[in-house]
Amino acid sequence: MTLISLDGKRGLVAGIANDQSIAYGCAKAFRALGADLAITYLNEKAQPHVRPLAERLGADLILPCDVQRDGDLERVFVAIRDRWGRLDFLLHSIAFAPREDLHARVVDCSKDGFSLAMEVSCHSFIRMAKLAEPLMTNGGCLMTVSFYGAGQVVEHYNMMGPVKAALESAVRYMAAELGSKKIRVNTLSPGALATRAASGIDRFDELLERAAARAPTHHLVTVDEIGPTAAFLASDAARQITGQVVYIDGGYHVID
């Protein structure tokens, strides 16, 4: 029997904005199970909000990373290589869309806005996987974050639906491509919850109310409930789980 432990494992967490971030809930769970962490922050404006959280977790590396800025992502992986020599898991919890495009109908979103959302929210995960592959010499786990609106129409989710659908498809293809190297790729799909990123969705309060009312558990998920699932997937106990969308939503996704 394989017990759930991350002792001796080293992981990268990208996407913490504050203590309500999904990425922070996951980072806490990773650390609680014994993992060493590298944590990124977006820019100097974000650093005062992220660094104290990373220091509280005893992160070995605290690094800037704007996936739109040339060289930032590559520098993160060079630092990991130089410090640890390997990487066992990573969490990509990054998404962005210009507000004017996010609030528009899909048919009205701009080419530039859609391209930017795809670059930040989807292709950055593919880039991370490519950079992580040579560091995962003993296998590993790559995780990203999606939402129910990738597969079903969710009112006001708009262009992020197609973007997250692309992300989930990329996960399946990368799981197939990297499986022979014992690198697993999975998607976390939490239910609606109040994060800074989600607050950009139009009429988001209505979405939260609807999710709480319709989920079989009648309960909104919290970041502290998402973290243990991510930690399980990062552990050896989940070594046969790959290519999956793992819903953490109180069963909301099964309700028509």
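The values are calculated or read from the model by the stated rules, or taken from the named source; none is laboratory data. Predicted, not measured: the structure shown is a model, and the values here were computed from it. A quick note on method: Cβ atoms are made from the backbone with ideal geometry, for glycine too, and the neighbour counts reach across all protein chains shown.
Scanning the range 230-256 for residues being in contact with a helix residue (DSSP H, G or I) (Cβ under 8 Å, 6 or more places away or on another chain), in a helix (DSSP H, G or I) and not aliphatic (A, V, I, L, M) gives a total of 3.
Evaluate the range 4-16: report whether one residue or more is surrounded by 13 or more Cβ atoms within 10 Å (Cβ to Cβ) and more than 19 Å from the chain's Cα centre (by Cα). If you could, list the steps in order and put the result at the bottom.
Filtering the range 4-16 down to residues surrounded by 13 or more Cβ atoms within 10 Å (Cβ to Cβ) leaves 4-6, 9-16.
Next, from what is left, pick out any that are more than 19 Å from the chain's Cα centre (by Cα): 4-5.
The answer is yes, given that some residue of the range 4-16 is surrounded by 13 or more Cβ atoms within 10 Å (Cβ to Cβ) and more than 19 Å from the chain's Cα centre (by Cα).
Within the span defined as the range 131-144, every residue fails to be touching a Cys at 6+ places or on another chain (Cβ under 7 Å), surrounded by fewer than 21 Cβ atoms within 10 Å (Cβ to Cβ) and of a type in the set (A, V, I, L, M). Scanning the range 1-16 for residues that are within 15 Å of residue 132 (Cβ to Cβ) and either part of a helix (DSSP H, G or I) or of a type in the set (Ser, Thr, Tyr) (or both) returns no hits.
This table checks each residue for (1) β-branched (Val, Ile, Thr); (2) within 15 Å of residue 234 (Cβ to Cβ); (3) at pLDDT below 95.
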residue	(1), (2), (3)
9	no, yes, no
20	no, no, yes
31	no, yes, no
42	no, no, no
59	no, no, no
64	no, no, no
72	no, no, no
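Among the residues of the range 129-174, those identified as farther than 18 Å from residue 116 by Cα, assigned to a strand (DSSP E or B) and hydrophobic (A, V, I, L, M, F, W, C) are 141, 142, 143.
Is it true that residue 63 is in contact (Cβ under 8 Å) with a residue 12 or more places away in the chain and not in a helix (DSSP H, G or I)? Don't jump to the end; show me each part of the working.
Values: in contact (Cβ under 8 Å) with a residue 12 or more places away in the chain: yes; not in a helix (DSSP H, G or I): yes.
Answer is yes for this residue.
Of the residues making up the range 40-59, those that are under 17 Å from residue 76 (Cα atoms) and either loosely packed, with under 13 Cβ neighbours inside 10 Å or acidic (Asp, Glu) (or both) number 2.
Look through the range 200-254, keep the residues that are polar (S, T, N, Q), farther than 17 Å from residue 150 by Cβ and within 18 Å of the chain's Cα centre (by Cα), and return whichever of them is surrounded by the most Cβ atoms within 10 Å (Cβ to Cβ). Before the answer, list the steps.
The first filter runs over the range 200-254 and keeps only residues polar (S, T, N, Q), leaving 217, 222, 229, 235, 240, 242, 244.
Subsequent filtering for residues that are farther than 17 Å from residue 150 by Cβ retains 217, 222, 229, 235, 240, 242.
Next, from what is left, pick out any that are within 18 Å of the chain's Cα centre (by Cα): 222, 229, 235, 242.
Values: 222: 16, 229: 21, 235: 23, 242: 21.
In this case the residue turns out to be 235.
Taking the range 17-56 as the range and being part of a loop (DSSP other than H, G, I, E, B) and in contact with a strand residue (DSSP E or B) (Cβ under 6 Å, 6 or more places away or on another chain) as the test, only 35 passes.
Tell me, yes or no, whether the range 206-227 has at least one residue that is without any contact (Cβ under 8 Å) to a residue 40 or more places away in the chain and either assigned to a strand (DSSP E or B) or in contact with a Lys or Arg (Cβ under 9 Å, 6 or more places away or on another chain) (or both). No; the residues of the range 206-227 include none that is without any contact (Cβ under 8 Å) to a residue 40 or more places away in the chain and either assigned to a strand (DSSP E or B) or in contact with a Lys or Arg (Cβ under 9 Å, 6 or more places away or on another chain) (or both). The set of residues in the range 106-130 that are surrounded by fewer than 19 Cβ atoms within 10 Å (Cβ to Cβ), within 30 Å of residue 9 (Cβ to Cβ) and not basic (Lys, Arg) comprises 119, 120, 123, 126. Can you tell me which residue in the range 155-190 is modelled with the lowest pLDDT, limited to those that are closer than 26 Å to residue 207 by Cβ and in contact with a strand residue (DSSP E or B) (Cβ under 7 Å, 6 or more places away or on another chain)? The qualifying residue modelled with the lowest pLDDT is 190.
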